[in-house]
Amino acid sequence: MSCLSERMIIRGGRALSGGVVAQGAKNAALPVMASALLLRGRRLTLDRVPDLQDIHTMAGLLRCLGAGVEFENGRMTIDVPEDLRWETPADLVRKMRASSLVLGPLVARCGRAVLPLPGGCAIGSRPIDFHLKALAKMGAEIDLEHGSVHARTNGLKATRIEFDFPSVGATENILMAAAMTPGESVIENAAKEPEIINLAQALRGMGARIEGDGTGTIRVDGTKDLESSSIRIIPDRIEASTYLLAGVMTRGDVTVNGINPEYLEALIVKLEEAGIPVCVFADSVSVSCRDRRWKGVTLKTLPYPGFPTDLQPQIMAALSMADGTSVIQESVFDSRYVHVSEFKRMGCKLDMQGNTVVITGVSQFSGAEVRASDLRAGAALILMGLATDGETIVNSLNHVWRGYESLMMKMTSLGAEMELLPDAEEA
Ligand code: UD1
């Protein structure tokens with residue numbers, strides 16, 4: 001992956017028009033990559049893997065643990081040797097919260113793991129206590145020493161785990177650990193995200209028996225002897241939704257191809273409620289917003305199938321252009337409104353009260369120099385820049401490159417005018 005600049009200028013005000021193909025889902029590819037660690041002298045092949053910074057971070061982490069990772073044109077092969085290292089390097093783990101996904105596989109496979117507490121987007125406190133409690137219930141001894149988790153076991157045991165909250169990462173970690181633990185494990189209050197189903201498909205391909213993925217109760221009949229397998233990564237529902245919102249906000253018409261429209265249901269419902277026509281086909285979704293206005297709506301972010309928190313900044317941007325008032329309540333993360341101050345720089349009228357933001361629609365944003373505070377906030381600022389007559393400069397795009405493959409190419413193919421600028425210190 002080439003090193004992309006962290007600054008972009010957008011000359012907005014053009015209606016975007018045309019079609020793009022959704023990338024593979026980052027949040028499905030990352031846990032599936034981690035699941036390869038369960039193999040012993042075997043290979044996992046993944047197709048439709050997006051070429052993103054986070055994917056390279058996970059590949060680097062797997063290599064440090066001893067796996068051979070090759071990645072070209074969306075196909076990744078992960079060869080896992082008999083002997084694996086179980087101590088994870090702090091520099092890679094701190095780059096990305098999803099690094100914690102290697103914990104379950106390492107404990108199940110090696111009986112040991114050391115994981116520095118992970119980093120990631122600046123979107124509120126993001127502990128991994130559910131992951132640790134569940135691994136402890138499966139028989140792992142867990143200690144926190146000098147900022148790192150130390151886990152060890154003489155063998156995990158199958159058991160019943162009930163999460164207090166349907167955490168995506170904790171469900172994935174325990175699903176992977178259970179896939180290699182003989183006997184029946186039951187995960188209650190499991191996350192239902194499509195990415196969990198994709199991971200379960202990968203684990204089934206390796207030989208684990210899993211039922212109920214996509215529901216709140218997952219049953220896993222694990223085995224020590226997992227086999228080589230291959231898996232196709234599902235399309236990225238957050239990326240797809242971001243392009244649809246670009247069509248809406250520029251009052252254009254955009255089609256996203258190669259997706260499962262069911263995954264976008266929560267967004268489609270809200271767009272229709274706002275008065276935006278959406279066309280749903282077998283594997284594509286279109287919005288058509290020429291000369292249209294839309295009205296404000298109320299929404300709350302929730303675990304799947306509710307409205308995704310990863311779309312909250314982007315929908316806030318779209319609702320900032322609506323007629324009337326909208327209300328967004330963030331219920332998944334405790335402080336995912338870091339972007340509000342940057343949105344205000346561009347003329348948004350936002351009143352934040354705790355985890356609720358009241359949005360009063362404005363007829364026009366004003367171009368400004370802004371900074372992406374995290375991945376999805378950065379995407380939302382780009383959407384606002386595209387919808388603004390005038391110039392917008394977005395800084396700290398390193399966050400955006402973690403999640404959007406070929407964003408410049410896709411946006412410009414739809415008619416956007418945007419250009420990367422030299423990084424500030426070079427300018
Ligand atoms: C995943 C996604 C992320 C998305 C999030 C919610 C990946 C790689 N990332 O993150 O893009 O925003 O789901 O859809 O798939 N929590 C705890 N203790 C825990 C675990 C979670 O308190 O042990 C809390 C978190 O702080 C947060 C909430 O539970 O408030 C949801 O987190 P979780 O579902 O675990 O998100 P991630 O798996 O980190």
Exercise. On average, how much accessible surface per residue is there in the chain, in Å², for a 1.4 Å probe, leaving out ligands, DNA and RNA?
Worked result: 38 Å²
For this session: Please report, in Å, the Rg and the Dmax of the stretch 1-50, where both are computed over Cα atoms only.
Result: 17.6, 54
Problem set entry | Gained length - residue 94 relative to residue 300, 0.36 nm times residue gap less alpha-carbon distance | 71.2 nm
For this session: Please give the per residue volume of the convex hull enclosing the alpha carbon atoms of the stretch 100-216, rounded to a whole number of Å³.
Result: 98 Å³
Problem set entry | Rg/Rg_globular for the chain, with Rg_globular taken as 2.2 N^0.38 Å and Rg from C-alpha atoms | 0.98
Problem set entry | Cα centroid of the stretch 1-42 to Cα centroid of the stretch 207-226, whole Å | 28 Å
Exercise. Dividing the alpha-carbon Rg of the stretch 186-286 by 2.2 N^0.38 Å yields what?
Worked result: 1.35
Exercise. In nanometres, what is the gap between the two model label sites at residue 344 and residue 4, each 7 Å from Cα along Cα-to-Cβ?
Worked result: 2.9 nm
Exercise. What GluC sites (Glu not before Pro) does the stretch 15-113 have in DSSP loop regions with at most 12 other beta carbons within 10 Å?
Worked result: 82
Seminar exercise, completed: Cross-link reach from residue 133 to lysines, straight Cα distance under 16 Å and at least 8 residues apart if same chain, gives 157
Exercise. Between residue 21 and residue 269, what is the spin-label point distance in nm, taking each point 7 Å from the Cα along the Cα→C-beta axis?
Worked result: 3.1 nm
Exercise. Ordered by residue, what ³J(HN,Hα) values in Hz, to whole numbers, does the stretch 162-174 give under the Karplus form 6.51 cos²θ - 1.76 cosθ + 1.60, where θ = phi - 60° and Gly and Pro are x?
Worked result: 10, 7, 6, 9, x, 5, 5, x, 5, 4, 5, 4, 6
Seminar exercise, completed: Length gained if residue 363 through residue 209 is fully extended, taking 0.36 nm per residue and subtracting the Cα-Cα distance, is 50.0 nm
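What is the extension gain from residue 327 to residue 262, computed as 0.36 nm multiplied by their sequence separation minus the C-alpha to C-alpha distance, in nm to one decimal?
Result: 21.0 nm gained on full extension.
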Seminar exercise, completed: Mean Cβ-within-10 Å packing, highest first, puts peptides 31-43, 98-110, 134-146, 179-191 in the order 98-110, 31-43, 179-191, 134-146
Seminar exercise, completed: Two pseudo-spin positions, 7 Å from Cα along C-beta at residue 75 and at residue 224, lie apart in nanometres by 3.4 nm
Problem set entry | For the stretch 26-232, the spread of Cα positions along each principal axis, largest first, Å | 40, 37, 33
Seminar exercise, completed: With the 8 Å Cα cutoff and a minimum separation of six or more residues, the chain has a relative contact order in percent of 21 percent
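Loop-only check: which trypsin sites (Lys or Arg not before Pro) in the stretch 162-262 are DSSP coil with at most 13 other Cβ within 10 angstrom?
Filter output for the stretch 162-262: 224.
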Exercise. With r defined as the distance between the Cβ atoms of residue 283 and residue 51 and R0 fixed at 22 Å, what FRET efficiency is calculated, to the nearest 0.05?
Worked result: 0.50
For this session: Using DSSP to define loop residues, name the chymotrypsin sites (Phe, Trp or Tyr not before Pro) in the stretch 229-310 whose beta-carbon has at most 11 other beta-carbon atoms within 10 Å.
Result: 281
For this session: Pop out the carbon and sulfur fraction of the accessible area of the chain as a percent, whole number, probe 1.4 Å.
Result: 47 percent
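The values are calculated or read from the model by the stated rules, or taken from the named source; none is laboratory data. If you're wondering where the values come from, they're calculated on a predicted model, not measured in any experiment. Virtual Cβ from ideal backbone geometry, glycine too; neighbours counted across all protein chains shown. Please note that ligands, DNA and RNA were not included when accessible areas were found on the heavy atoms of the full protein model with its side chains. Shrake-Rupley method; radii C 1.70, N 1.55, O 1.52, S 1.80 Å.
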